[in-house]
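This report refers to the structure that appears directly beneath it.
The values are calculated or read from the model by the stated rules, or taken from the named source; none is laboratory data. As the structure is a prediction and not an experimental result, all values here were calculated from the model. A quick note on method: Cβ atoms are made from the backbone with ideal geometry, for glycine too, and the neighbour counts reach across all protein chains shown.
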Amino acid sequence: MTSTIKVNTITTESGSTLTIGGCGKTVALASGASQTGFGRSGSVNWQTTPKTATFTAADGEGYFINQSSAITMNLPAGSPGAIVAVSDYARNFATYNLTISPNGSEKIGGQAQDAKLDINGQAATFVYVDATKGWVNVQNAEDTETGIPPFIGATGGTITECGNDRIHTFTGPGTFTVNRIATCCAAVNNLVSYVVIAGGGGGGGYYAGGGGGAGGYREVVSPGSPYTGSPTQGYPTPGNRITVTATSFPITVGGGGTAGGDSSASGANNGTAGGTSTFSTITSAGGGFGVGHSGGGTQPTGGSGGSGGGGTGNCGASSGGAGNTPPVTPAQGTNGGNAQASPGDRGGGGGGGGTAAGSNGTPSPGTGGAGGVGATSSINGTPTVRAGGGGGGNGQSSTSPAPAGGGGKGGLGSSPAPGAPGTAGTDNTGGGGGGAGGAPTSVGGAGGSGIVIIRYKFQ
């Protein structure tokens, strides 16, 4: 049997305190009933099904936002004391902004226009005050805390992800800053994977120039962030391993060497060496320059470096430069190809590559040597060839296609018309520049700039 008590007013018998209910009891309003005079507690009822598309909010509710594109939350009609809250469920407001739109001509913070939340992990609570200020944000949080992961946390470069690994790519100078080291399996998870590639050497100019050598190539595949690396990856050698601490690591990315010119002055047609790239204790040497023809006599040797530059193909023999200079284990590069001393038109030698030496140029009809093959690594999630040598330039009488090394192509020979220039190595691969084709008016190709890539387990 249910009893009903009907009263108009409840007042205290004495004193100023009115007690309703007893210890261990709950006082509740019936479903559909409303209250006045108690005021708001400043809280909302959070809806635990995240919103994934544009929606209209209701007074007294809070919403988690889990969008995969920018969406809008439409505010309800404002009345004093109305309250709405939102929180970035997926921690990606910076990528997919949340727009908050007032009802009709109402205002947000005194402005009759939309508001936007664009910081990862952001949460906000809006209370409608009056027609002058409209909805006022009374609590703003920019908190990306999701619990502290037991893995490395770092900033710097362009950041991408592949499975459980995070990848930092530096195409120019920068800083890799480790904010947090791994506490889970620390010995292996603080040992990072990396690829450090220097700038490629410039190709020789003026006449059947040697190809530029590839920038030095060094890599370690950590067991904590595994992928398919190059055959020359150096994890087995302890001195190649980098175990990070919570500090900043300056990154240097070497530029490509300049191309050889078309002057008849001795030595003026050589390319220049590529620039050095560094990460922590790892240094990769710039690629050696390709030799340019100097107008007669014995030709100089190709430049030494990460990989050696190729020799020039006219007026005597010209040797390729030495790779893996200075020496490291495993080798950071290979030797450049030679130009032949036999009579007749000769092609320039190819520049050395990350895993194979440059080919020798051949005599009549004077085909340039192919650039040495580069190294293939999937450190960025996709098999990519880098550090290829530049192709040697063809002799004057050769009209066969220029060899396609892993770096820039060597120039074509063309008689009696001028030969073609060598092509440049691709930037951010450390490719060597191609040698000039067979005519005194040809120039070599510039070397490609280097790159530094760092990979580690982050979840």
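Listing for the model above:
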item: Unique match (being farther than 23 Å from P50 by Cβ, in contact (Cβ under 8 Å) with a residue 24 or more places away in the chain and in contact with a Pro (Cβ under 7 Å, 6 or more places away or on another chain)) among V178, V195, V188; result: V188
item: Hey, Y194 assigned by TED's automatic domain parsing to the domain that holds A446 and part of a strand (DSSP E or B) or not; result: yes
item: Residues (in a loop (DSSP other than H, G, I, E, B) and at pLDDT 80 or above) located in segment 143-162; result: P150, F151, I152, G156, G157
item: Qualifying residues in segment 60-95 (those that are among the charged types (D, E, K, R) and within 26 Å of the chain's Cα centre (by Cα)) - the one farthest from V129 (Cα to Cα); result: R91
item: Whichever residue in segment 308-335 is among the hydroxyl-bearing types (S, T, Y) and at pLDDT below 90 and, among such residues, is surrounded by the most Cβ atoms within 10 Å (Cβ to Cβ); result: T312
item: Strands (runs of 3 or more DSSP E) enclosed by segment 96-142 - at least 1 residues per element that are within 21 Å of I71 (Cβ to Cβ), touching a residue at least 60 places away in the same chain (Cβ under 8 Å) and within 38 Å of the chain's Cα centre (by Cα); result: 122-130
item: Positions within segment 338-386 being over 19 Å from A436 (Cα atoms) and more than 35 Å from the chain's Cα centre (by Cα), in sequence order; result: S342, P343
item: Residues of segment 251-269 classified as at pLDDT 95 or above, in a loop (DSSP other than H, G, I, E, B) and surrounded by fewer than 24 Cβ atoms within 10 Å (Cβ to Cβ), total; result: 2
item: From the options Y227, Y235, residue that is farther than 30 Å from G347 by Cα, assigned by TED's automatic domain parsing to the domain that holds G434, part of a loop (DSSP other than H, G, I, E, B) and in contact with a Cys (Cβ under 9 Å, 6 or more places away or on another chain); result: Y227
item: Filtered residues of segment 192-233 (kept if under 19 Å from the mean Cα position of the chain (by Cα) and of a type in the set (A, V, I, L, M, F, W, C)); result: V192, V195, V196, I197, A198, V220, V221
item: Lone unmet requirement of (1) under 25 Å from G374 (Cβ atoms); (2) touching a Cys at 6+ places or on another chain (Cβ under 8 Å) for G202; result: (2)
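Residues are listed down the side, and each one gets a yes or a no for (1) under 19 Å from V127 (Cβ atoms); (2) modelled with pLDDT under 95; (3) surrounded by fewer than 10 Cβ atoms within 10 Å (Cβ to Cβ):
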| position | (1), (2), (3) |
| --- | --- |
| Q35 | yes, yes, yes |
| G42 | yes, yes, no |
| P50 | no, no, no |
| T56 | yes, no, no |
| G60 | yes, yes, no |
| Q67 | no, yes, no |
| Y89 | no, yes, no |
